[in-house]
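All remarks here apply to the structure that follows.
The values are calculated or read from the model by the stated rules, or taken from the named source; none is laboratory data. Everything quoted here is computed from the prediction, not taken from an experiment. Quick reminder, even Gly has a Cβ in these numbers, built from the backbone with ideal geometry, and neighbours come from all protein chains shown.
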Amino acid sequence: MTIINPNRDRLVVRPDPLIKNLPEVTEGGVLIPQEAIVSTQPLRGTVLESGPGCVENGSYMPNVHKPGDRVLFGTYGYDTIEVDGEKLYIIRDADVKASLVENVEDEYATVNKFHPIVDEIVRDVVEA
């Protein structure tokens, strides 16, 4: 077993499987190939390891995300590595778009409710 200790503000993330069978036709009738849909969806994963943080403008900034956190991040801006036959990503803590909280016990909450980080805005889309 290989141990990975990320430096500075980096996270080691195990990606979740991509969501398949998304709609392939827009409301206007345009056909979209499945590869294009999968390549543009945000990625989800579980933080395995977290670096100590970094110094910004003379102040120490610890990482926000810790091992075990479920996170949502963009499709670009990460490094892919393979460790013991498993594909993992190394991303910056600041590149995480949102934290995912599952099974929230609240009458207005849903499974996989998003919690935006810093200045990112995340919207829930609800079908009427």
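Data for the structure
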read-out: Residue within the stretch 20-42 that is farther than 14 Å from residue 95 by Cβ and modelled with pLDDT of 90 or more present; value: no
read-out: Selection within the stretch 40-68 - under 14 Å from residue 10 (Cβ atoms) and part of a loop (DSSP other than H, G, I, E, B); value: 51, 52, 53, 62, 63, 64, 65, 66, 67
read-out: Some residue of the stretch 51-67 being at pLDDT below 70 and not polar (S, T, N, Q); value: no
read-out: Test result for residue 109, assigned to a loop (DSSP other than H, G, I, E, B), at pLDDT below 90 and not hydroxyl-bearing (Ser, Thr, Tyr); value: yes
read-out: Residues located in the stretch 72-83, provided they are under 17 Å from residue 6 (Cα atoms) and within 11 Å of the chain's Cα centre (by Cα); value: 78
